[in-house]
Amino acid sequence: MPKKIDNQTYFNNNKTKTWNNPPIVVAWKFSSAENLGALLRVCDNFGVKQVFFVGNENDYKASKIKRNATTSFNKVDWSFVSEEDVWKSIPKKTIKVAVDTTTESIALNDFHFKELTNSFCLFFGNETIGLEDEVITRCDTSIHIPMTGESFSMNVVQSAAVTLFEASKQIVLCD
């Protein structure tokens, strides 16, 4: 019969694969400091090394970000950037992927992350309105998470977790 062990012990003894080139994550104008912190934690869980928060740092309480990020607060390279500076901060050949439902979005399970020849960046939008049209048009492609239930929206951090799991499953955890 299996016995429960703590996560730290398990993952210290069972090293998982890591990204050769981890994705970048952009949080576009989130309204909640708690979601910023939770996003940092999810990004740390999936090996993301860099996160850009588009917005004004003064609008968020660092203590709320830190409380939700826990130890990930200091493990992920994150910064606040302006709407224009984020585009300059992403390396030139990086594929920009909007995670939002659009007229041309591809279902997450049909998107082939492994076929991307360059690094990629995932854009996640505001909790209420998602990504603005201008952001979507500046991205190279868009993907959405297919849903089978009665609700057709998902918390932005849950969306990031689902998307990052699928990307890591295709690129890192395959074989």
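The values are calculated or read from the model by the stated rules, or taken from the named source; none is laboratory data. Worth saying up front: this structure is predicted, and the values here are computed from it rather than measured. Methodologically, a virtual Cβ is constructed for each residue, glycine included, from the backbone with ideal geometry; neighbour enumeration extends over all protein chains shown.
Pick out the one residue from 157, 81 that is among the hydrophobic types (A, V, I, L, M, F, W, C) and touching a strand residue (DSSP E or B) at 6+ places or on another chain (Cβ under 6 Å).
Step by step, each of 157, 81 is checked, and only 81 is among the hydrophobic types (A, V, I, L, M, F, W, C) and touching a strand residue (DSSP E or B) at 6+ places or on another chain (Cβ under 6 Å).
Would you say residue 168 is out of contact with any helix residue (DSSP H, G or I) (no Cβ under 7 Å at 6 or more places or on another chain), closer than 15 Å to residue 97 by Cβ and among the polar types (S, T, N, Q)?
For residue 168, the condition - out of contact with any helix residue (DSSP H, G or I) (no Cβ under 7 Å at 6 or more places or on another chain), closer than 15 Å to residue 97 by Cβ and among the polar types (S, T, N, Q) - is met.
Which of the following residues is at pLDDT 95 or above and assigned to a helix (DSSP H, G or I): 84, 104?
Just a single option satisfies the conditions, and that option is 84.
Looking only at residues in segment 12-63 that are in contact with a strand residue (DSSP E or B) (Cβ under 6 Å, 6 or more places away or on another chain), of a type outside the set (A, V, I, L, M) and in a helix (DSSP H, G or I), which one is surrounded by the fewest Cβ atoms within 10 Å (Cβ to Cβ)?
In this case the residue turns out to be 57.
Do any residues in segment 146-167 that are in contact (Cβ under 8 Å) with a residue 24 or more places away in the chain have Cβ atoms under 7 Å from those of residues that are surrounded by 13 or more Cβ atoms within 10 Å (Cβ to Cβ) and aromatic (Phe, Trp, Tyr), where the two are at least six apart or on different chains, and which pairs are they?
Qualifying pairs under 7 Å: 156/30; 156/124; 159/124; 160/124; 164/46; 165/46; 167/113.
Just to be sure before I move on: is residue 117 under 20 Å from residue 42 (Cβ atoms), exposed (fewer than 12 other Cβ atoms within 10 Å of the Cβ) and at pLDDT below 95 in the structure I sent?
no
Considering only residues that are in a strand (DSSP E or B) and not small (Gly, Ala, Ser), which ones fall in segment 110-144?
120, 121, 122, 123, 124, 126, 141, 143, 144
Can you name the residue in segment 145-175 that is of a type in the set (Val, Ile, Thr) and not in a helix (DSSP H, G or I) and is also farthest from the chain's Cα centre (by Cα) among such residues?
The first filter runs over segment 145-175 and keeps only residues of a type in the set (Val, Ile, Thr), leaving 145, 148, 156-157, 162-163, 171-172.
Now narrow it down to the ones that are not in a helix (DSSP H, G or I): 145, 148, 172.
Values: 145: 13, 148: 22, 172: 15 Å.
Only one residue fits best here, namely 148.
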